[in-house]
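See below for the structure under consideration.
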There are 2 protein chains.
Amino acid sequence: MVLTTHHVGIAVSDLDAAVETYARLLEAEVEHRDRLEEQGVDAVSLCAGTGRIELLAPLGAETPVGRFLAKRGPGLHHIAFQVPDVGVELERLRRAGTRLIDETPRRGLFGLEVAFVHPESTGGVLAEFVSDGRT
Amino acid sequence: MVLTTHHVGIAVSDLDAAVETYARLLEAEVEHRDRLEEQGVDAVSLCAGTGRIELLAPLGAETPVGRFLAKRGPGLHHIAFQVPDVGVELERLRRAGTRLIDETPRRGLFGLEVAFVHPESTGGVLAEFVSDGRT
């Protein structure tokens with residue numbers, strides 16, 4: 001059960017410049033800053049009202065976000081939907097034949113429980129499910 | 001003042017297939033279906049919880065969404081932020097030196113008042129501001 005759009009992920013090359021741009025554009029506030037070595041990203045989440053964006057800068061060229069930037073340039077990277085329980089959604093999607101990137105929930109940025117669906121099952125969109133007990 | 005993420009726009013080549021895919025993926029319901037001849041799109045909005053996505057299929061190859069699909073394939077197209085008054089936001093952005101696609105609010109899909117910001121001012125993201133009195 002999707003509750004709302006949790007955030008939209010945006011790939012950027014210069015994190016500090018992007019934070020300044022979006023803070024001004026949306027009159028948004030920085031919520032978190034985090035580094036996830038195993039995914040090769042530095043990330044900042046920004047909140048404006050109840051909306052949230054996540055800015056992602058690669059730690060190197062040979063990371064998923066690094067390859068995305070090389071191929072497509074900066075821009076919209078993924079959309080994350082908030083659900084009460086990521087494991088329940090994965091089981092529902094698996095039964096429906098959806099191709100998953102994460103077969104089980106894992107810890108994502110900011111310590112949240114997340115899982116990604118494969119773009120093959122969404123018509124080209126990288127979709128994430130997030131359980132966020134804070135909201 | 002951004003209130004929330006109003007919707008995320010997704011470019012698709014087969015609208016009916018995409019509606020079926022996302023309805024199943026998100027357990028979402030169709031909210032609206034509309035054609036905007038002057039923008040060259042057929043569109044369907046889907047709601048899941050308080051989240052919303054907008055699926056956009058081009059009416060021809062020489063339309064903005066048709067060119068997007070030819071260049072990048074199906075995927076995330078734009079992000080729309082809900083604001084109380086689109087005209088007030090445009091004035092704020094103009095004063096801050098933001099490059100705009102729409103200098104004044106116009107009627108977009110589903111009869112809503114909208115305006116687009118140029119991707120040059122957002123680091124490559126097509127951003128929309130929407131005023132939606134229904135929500």
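Kirkwood radius, segment A:84-135, all distinct C-alpha pairs, inverse of mean reciprocal distance: 11.1 Å. Computed in the context of the full set of protein chains, the accessible area of the protein assembly as shown at 1.4 Å probe radius has 51% of its extent on carbon or sulfur.
In chain B, the beta carbon lying closest to the axis that superposes B onto A belongs to the residue given here with its whole-angstrom distance, B:76, 2. In this Cβ point-charge picture (+1 for Lys and Arg, -1 for Asp and Glu), segment A:1-117 has a dipole of about 500 debye about its Cα centre. Solvent-accessible area lost on pairing A with B (1.4 Å probe, both sides summed) amounts to about 3000 Å².
For residue A:9, nonlocal amide neighbours, meaning residues 5 or more places apart or on other chains whose placed amide H falls under 5 Å from its own, are A:54, A:77, A:78, A:79, A:80. The angle separating the long axis of helix A:15-26 from the principal Cα axis of greatest extent in chain A is about 80 degrees. Averaged over its residues, chain B has an accessible area of 44 Å² per residue, based on protein heavy atoms and a 1.4 Å probe. When +1 charges are put on Lys and Arg Cβ atoms and -1 charges on Asp and Glu Cβ atoms, the dipole computed for the protein assembly as shown relative to its Cα centre reaches about 300 debye.
Sorted from greatest to least, the principal axis extents spanned by the alpha carbons of segment A:1-79 come out as 35, 33, 22 Å. When a/c is below 1.5 the answer is rounded, else prolate if a/b is larger than b/c, else oblate, so apply that to the protein assembly as shown with a ≥ b ≥ c taken from the square roots of the Cα gyration tensor eigenvalues. Here the protein assembly as shown falls in the rounded category. For chain A, find the longest principal axis of its Cα atoms and tell me its angle to the long axis of helix A:86-95, 0 to 90°, nearest 10. For A:86-95 against chain A, the angle is about 50 degrees. If you look at the Cα atoms of chain B, you get an Rg and a Dmax of 14.5, 43 Å. Relative contact order, whole percent, for chain A stands at 25, derived from Cα pairs under 8 Å and 6 or more residues apart.
The values are calculated or read from the model by the stated rules, or taken from the named source; none is laboratory data. In this text the structure is predicted, and so the values were computed from the model without any measurement. Glycine gets a Cβ as well: all are built from the backbone with ideal geometry, and neighbour counts include every protein chain shown. Note: areas computed on protein heavy atoms with side chains; ligands, DNA, RNA excluded. Shrake-Rupley method; radii C 1.70, N 1.55, O 1.52, S 1.80 Å.
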